[in-house]
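Remarks on the structure that follows.
Just so it is clear, none of the values below were taken in a lab; they were calculated from the coordinates. Small disclaimer: the values here were computed from a predicted structure and weren't measured. Note: ideal-geometry Cβ built from the backbone for every residue, glycine included; neighbour counts use all protein chains shown.
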Amino acid sequence: MNGRDKNDGDMTATDAATSGPRLPPVDEILETARVVALPMRTRFRGITRREALIFRGPAGWGEFGPFVEYDDEESAAWLAAGIEAAYLGPPAAQRDSVPVNATVPAVAADQVADILARYPGATTAKVKVAEPGQSLSDDVDRVAAARAVIPRVRIDANGKWSVAQAISSIRAIGDVEYAEQPCATVDELAQVRRAVDVPIAADESIRKAADPMRVVAADAADVAVLKVAPLGGMRAVLRLADEIGLPVVVSSALDTAAGMAAGVAAAAALDRLDLACGLGTGSLFTVDVAEPFLPEHGVVAPRWFGPDVELLSGADADPERVAWWHDRVRRCHEVLRRRGVEPDFAKP
């Protein structure tokens with residue numbers, strides 16, 4: 001059963017943040033907390049430094065790293081995921097390696113080969129498209145450059161296209177493994193899926209949805225992209241994978257090595273895994289909090305940073321940002337408390 005505790009309960013995207021361990025006191029979380037700002041090799045998702053807060057519990061290290069524009073209600077799930085990692089640790093693994101895709105940011109086509117060289121043995125490349133300020137021609141050229149190195153390519157538009165743009169763009173780009181979140185809404189995904197031959201993957205329409213099962217009811221997706229932190233933890237991902245009934249890709253949320261350990265653990269615990277996962281983004285950082293999960297022969301192996309592990313220093317944020325993140329933890333901890341998570345350490 002994917003290492004799931006039968007007492008974990010049912011999960012939806014809106015209550016995922018209350019699953020997992022009981023809520024520890026916020027001061028205990030902050031006692032071991034470090035705020036890091038990891039420099040990136042290439043601008044990705046509009047940033048060049050990735051900020052996150054990591055903290056240690058009795059089972060190991062957890063990460064709290066919602067993007068800065070996310071509000072507290074959405075970010076609370078990320079804190080729940082970090083608490084699960086730090087206080088419960090990983091679910092039981094079903095495999096000793098996880099296939100991963102290479103990730104190509106929205107760079108110029110002539111930079112693609114160098115980026116793909118960081119993913120030795122990868123058999124799938126995920127290419128970002130629909131970048132603001134770029135053209136469809138840029139996307140076509142970038143995908144073509146990736147195909148020249150790795151023939152199996154998937155694309156990710158992060159919901160930036162309209163239905164008409166998605167249909168014309170997917171047709172112009174040509175055959176891909178799937179198009180991830182071409183449009184913002186479930187209804188739009190369903191329209192695109194009916195109009196093109198390329199499979200459609202849902203990401204934001206699952207992790208940001210009040211009802212993640214709506215993509216199934218609307219027949220809007222062929223693949224579910226699941227991310228540990230936004231969905232509230234590893235066990236929440238495993239429950240949703242069981243419920244949603246689609247092929248699953250576990251992907252990172254631009255995690256540090258501490259957060260990536262949870263993503264790889266979730267993928268390793270799935271009953272079935274047929275597609276490469278998006279868990280190779282550690283190569284996007286020039287510095288990480290621990291030895292990054294870099295693919296060898298196209299796979300990464302599960303690895304847990306237990307409570308006895310001292311994570312690396314050297315990328316700590318400045319005091320102003322540390323205070324900002326501590327305040328954010330306190331606010332999100334209050335959201336979890338308000339949702340009814342009791343402040344004790346009993347496992348569910």
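Side notes on the structure shown:
- Candidates Ala220, Ala202, Ala195, Ala209 - the one that is within 15 Å of Val250 (Cβ to Cβ) and either within 21 Å of the chain's Cα centre (by Cα) or surrounded by fewer than 19 Cβ atoms within 10 Å (Cβ to Cβ) (or both): Ala202
- Screening Gly314, Gly280 for residues that are buried (at least 19 other Cβ atoms within 10 Å of the Cβ) and not acidic (Asp, Glu) leaves exactly one candidate, Gly280.
- Residues being over 23 Å from Pro292 (Cβ atoms), among the charged types (D, E, K, R) and in contact (Cβ under 8 Å) with a residue 40 or more places away in the chain - total across the stretch 319-329: 1
- Ala201 over 22 Å from Ala77 (Cβ atoms) and of a type in the set (Gly, Ala, Ser): no
- Taking the numbered list (1) part of a loop (DSSP other than H, G, I, E, B); (2) in contact (Cβ under 8 Å) with a residue 40 or more places away in the chain in turn, Glu69 passes all entries but (2).
- Matching residues in the stretch 270-321 - criterion: being part of a helix (DSSP H, G or I) and within 16 Å of the chain's Cα centre (by Cα): Thr281, Gly282, Ser283, Leu284
- Only one of Leu189, Leu240, Leu231, Leu246 that is free of Cβ contacts under 8 Å to residues at least 60 places away in the same chain and under 27 Å from Pro90 (Cβ atoms): Leu246
- One residue alone among Arg303, Arg272 is without any contact (Cβ under 8 Å) to a residue 40 or more places away in the chain and of a type outside the set (Gly, Ala, Ser), and that residue is Arg272.
- Looking only at the stretch 98-121, residues that are crowded, with 24+ Cβ neighbours inside 10 Å and under 14 Å from Gly282 (Cβ atoms) come to 5 in all.
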